[in-house]
């Protein structure tokens with residue numbers, strides 16, 4: 001069975017880009033539009049890896065990561081954060097919250113897939 | 001479509017949504033909204049546009065969005081105060097951003113005339129250096145900044161070229177779902193590795209803290225790799241582990257810049273990490289530790305070694321684990337309803353929807369035909385067939401309504417374009433204006449919305465340019481300097497009503513009447529009610545060059561607005577109060593697929609006249625009808641004369657006119673307010689009919705707008721009132 005990746009991003013464009021890149025690489029892709037939604041999809045879909053954006057309505061990426069890390073059931077799931085290179089501060093905050101790694105936007109599909117394989121057991 | 005091109009389209013669609021969000025957020029803030037979520041939403045809109053632009057390498061867009069985003073971020077964090085001036089600049093920046101998005105969409109990405117000025121303003125506002133090179137600053141690599149430091153050069157041990165990596169994870173590394181095993185796997189990709197596990201810190205099982213990390217590894221990598229590649233493997237765990245990389249250089253032990261740099265970096269942030277490097281295998285071995293025996297075991301493959309750590313965690317963690325299954329179903333249930341929201345919208349080709357609407361139209365007709373047949377067969381109304389048919393009818397109507405609703409969209413999409421227009425016209429006229437919108441969520445057919453943009457644009461321009469007085473005049477009249485233009489939408493009796501109102505001076509009736517007389521639109525001696533005078537502005541040819549400025553001008557008068565509204569099956573009128581302002585009211589059908597029609601007959605043919613065009617119906621009296629010679633006639637209605645048009649003759653059904661007293665006259669109002677009376681044999685009734693294009697199925701026929709199929713299965717033509725009136729008037733002119 002192929003690995004399930006949950007992507008959390010409020011931008012439809014970004015979600016479609018992620019889906020295209022990940023589905024091409026053979027992953028099963030499930031998507032959510034913000035952190036709160038992400039938590040719900042997480043319960044239903046049990047992904048092996050999560051890729052999340054930071055700036056989102058309702059619950060941002062930091063809040064989402066903290067929630068996942070605070071939950072016994074999901075704390076071991078690797079979380080990759082989508083960030084811009086210029087934003088060292090956000091990257092650090094995401095790490096403090098418990099992000100496993102980060103992907104720099106605009107991302108290169110191959111690097112994205114590599115990054116996921118890097119953290120996936 | 002190639003998937004990337006499709007995503008590109010999605011991006012531009014999303015940009016439009018975000019631009020709308022941006023603008024409405026800024027406007028809300030201008031109106032005093034202090035909700036932090038509003039400014040967050042504004043920031044996110046620009047941030048998302050920048051992100052997508054980055055993916056598609058739209059450079060001009062990225063550059064502008066970046067400066068804009070930075071300024072918004074400063075505003076969000078309170079470093080730039082939210083003042084009306086700042087918001088005005090932000091709104092102008094939003095307009096430029098919108099232009100840049102559209103230019104990028106068209107592929108005509110060029111410098112925007114206002115962009116560089118705004119960039120400077122935004123930078124000045126947010127303290128960004130005016131001349132900084134953004135490309136360098138933003139996308140450059142910040143990780144490898146040179147810094148001065150005194151470093152002890154490690155002794156390079158003699159031996160084959162390669163690296164020795166000492167790696168000791170901290171608990172944080174595992175807490176972030178990083179995995180030592182995976183890092184070792186990555187390292188193994190770089191070359192031949194020999195992995196040595198140091199488990200001497202592992203305490204007795206009873207003392208193990210599941211959150212802590214006890215294992216350390218020493219990895220010797222040989223082969224063609226460099227330190228940067230090794231550092232990259234550990235990029236995500238930097239700070240969550242102790243890491244020491246030493247080059248096993250060739251025997252000469254030469255100066256290795258990469259390793260120096262790496263050491264500088266490794267040690268620079270070490271202040272808060274306590275003693276930097278704990279050497280593996282140092283000092284005494286804890287004899288009590290059962291696992292200490294493992295220590296000397298060299299592991300050529302990385303897999304066996306880390307196998308110890310994670311399972312330990314899960315075994316010990318099994319105490320709190322039983323809580324999980326209990327929590328799960330509950331949480332699942334709570335998450336249930338939202339799950340469907342994930343797929344709350346789907347994109348469907350418009351053609352498919354229209355095909356469905358078409359089919360449902362057929363179904364409605366078919367159902368009506370069936371109902372009529374059942375009636376004709378003489379079945380009792382209480383019979384099972386008739387009752388089943390009633391249910392079918394109800395169901396059919398529901399299906400029809402639901403299908404029509406698919407095409408319905410909120411008027412928001414067209415209302416959203418207006419704030420910018422208001423800003424532009426306000427700037428051009430020098431009149432401060434506030435736009436108030438209401439009922440943006442009101443839904444109407446997509447095509448109606450699309451065709452509303454032009455008339456609305458024109459009316460709003462007019463409202464500001466002609467409706468509102470100058471600030472001085474307003475002050476003299478005791479009004480606030482800022483004029484208000486209101487745009488409202490609501491549903492009323494199965495139609496959508498859109499109102500454009502202003503709080504200006506109202507229509508100058510004397511002047512309007514004067515112009516109309518001067519232009520020969522009304523007789524000088526005519527007595528007109530206030531309402532009639534107000535509606536003169538809709539007459540073709542009323543628009544006056546002398547009065548029209550280049551804002552509301554553009555060669556379009558209110559007659560064009562009226563015509564476009566009528567083309568949508570709508571009506572428009574104006575109510576004006578001197579000194580208080582004017583309100584234009586448009587009433588439009590919710591859909592263009594069905595029509596409220598009056599079914600009439602002419603010379604045995606069944607025809608449908610759109611109800612919206614009919615002002616009243618009357619039984620002509622012999623003394624009111626006057627012949628003008630030939631077949632041309634006029635009918636006197638309340639003292640005025642209007643042409644009486646025999647529909648049967650106009651469409652060529654008969655050669656000789658119907659005696660007026662034998663028929664019924666429909667007083668209709670065509671485009672530009674011209675009136676005429678259509679003479680038909682009889683009125684059969686009023687009903688909603690499904691419009692079938694005649695052009696698509698046959699060809700265009702003058703005087704016929706479309707066709708429909710009636711309950712008895714017969715085709716009925718829908719009259720094109722305007723053409724009939726225009727053609728008949730031509731005939732009449734010839735006749736007289």
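The values are calculated or read from the model by the stated rules, or taken from the named source; none is laboratory data. Just so you know, these numbers come straight off a predicted model, no measurement behind them. Using ideal geometry, Cβ is built from the backbone for each residue, glycine included, and neighbour counts are taken over all protein chains shown.
Of the residues screened, residue B:49 is one that is within 12 Å of chain A (Cβ to nearest Cβ) and at pLDDT 90 or above. Go through the residues of the stretch B:58-66 one by one and say whether even a single one is within 10 Å of chain A (Cβ to nearest Cβ) and part of a helix (DSSP H, G or I). Within the stretch B:58-66, one or more residues are within 10 Å of chain A (Cβ to nearest Cβ) and part of a helix (DSSP H, G or I). The residue that is farthest from the other protein chains (Cβ to nearest Cβ), counting only those in the stretch B:9-37 that are in a helix (DSSP H, G or I), over 17 Å from the mean Cα position of the chain (by Cα) and surrounded by fewer than 18 Cβ atoms within 10 Å (Cβ to Cβ), is B:30. Condition (residue is crowded, with 19+ Cβ neighbours inside 10 Å and under 17 Å from residue B:716 (Cα atoms)) applied to the stretch B:635-645: is it met by at least one residue? No, there is no match, as no residue in the stretch B:635-645 is crowded, with 19+ Cβ neighbours inside 10 Å and under 17 Å from residue B:716 (Cα atoms).
When residue B:659 is tested against the conditions (1) over 22 Å from residue B:702 (Cβ atoms); (2) in contact with a helix residue (DSSP H, G or I) (Cβ under 6 Å, 6 or more places away or on another chain), the lone failure is (2).
Filtered by the rule that a residue be surrounded by fewer than 19 Cβ atoms within 10 Å (Cβ to Cβ) and within 14 Å of another protein chain (Cβ to nearest Cβ), the stretch B:187-226 gives B:188, B:189, B:210, B:211.
For the structure I just gave you, tell me whether residue B:6 is within 10 Å of chain A (Cβ to nearest Cβ), assigned to a helix (DSSP H, G or I), touching a helix residue (DSSP H, G or I) at 6+ places or on another chain (Cβ under 7 Å) and farther than 15 Å from residue B:122 by Cβ. Against the criterion (within 10 Å of chain A (Cβ to nearest Cβ), assigned to a helix (DSSP H, G or I), touching a helix residue (DSSP H, G or I) at 6+ places or on another chain (Cβ under 7 Å) and farther than 15 Å from residue B:122 by Cβ), residue B:6 does not qualify.
Consider the stretch A:94-117 and keep the residues that are assigned to a helix (DSSP H, G or I) and touching a residue at least 60 places away in the same chain (Cβ under 8 Å). The one that is farthest from the other protein chains (Cβ to nearest Cβ) is A:113.
Among residues that are surrounded by 19 or more Cβ atoms within 10 Å (Cβ to Cβ) and not in a helix (DSSP H, G or I), residue B:689 is included. Residue count for the stretch A:78-88 satisfying the condition of being more than 8 Å from chain B (Cβ to nearest Cβ) and under 16 Å from residue B:174 (Cβ atoms): 0. Evaluation of residue B:75 against the conditions (1) in a helix (DSSP H, G or I); (2) within 14 Å of another protein chain (Cβ to nearest Cβ); (3) more than 17 Å from the chain's Cα centre (by Cα) shows that the sole unmet condition is (2). Selection of helices (runs of 4 or more DSSP H) fully inside the stretch B:312-419 by the criterion of at least 2 residues being at pLDDT 80 or above and touching a strand residue (DSSP E or B) at 6+ places or on another chain (Cβ under 6 Å) returns B:350-376. Residues that are buried (at least 21 other Cβ atoms within 10 Å of the Cβ) and modelled with pLDDT of 85 or more do not occur anywhere in the stretch A:70-77. Among the residues of the stretch B:711-736, those identified as touching a strand residue (DSSP E or B) at 6+ places or on another chain (Cβ under 7 Å) and at pLDDT below 80 are B:725, B:728, B:729, B:732.
Of all the listed residues (B:486, B:479), the sole one being buried (at least 16 other Cβ atoms within 10 Å of the Cβ) and in a loop (DSSP other than H, G, I, E, B) is B:479.
In the set (1) more than 17 Å from residue A:14 (Cα to Cα); (2) more than 9 Å from chain B (Cβ to nearest Cβ); (3) modelled with pLDDT of 85 or more, residue A:91 fails one condition alone, (3). Would you mind stating whether residue B:598 is within 21 Å of residue B:689 (Cα to Cα), in contact with a helix residue (DSSP H, G or I) (Cβ under 7 Å, 6 or more places away or on another chain) and surrounded by 18 or more Cβ atoms within 10 Å (Cβ to Cβ)? In short, yes.
When the stretch B:444-457 is limited to residues that are closer than 29 Å to residue B:32 by Cα and surrounded by fewer than 20 Cβ atoms within 10 Å (Cβ to Cβ), the one that is nearest to the chain's Cα centre (by Cα) turns out to be B:453.
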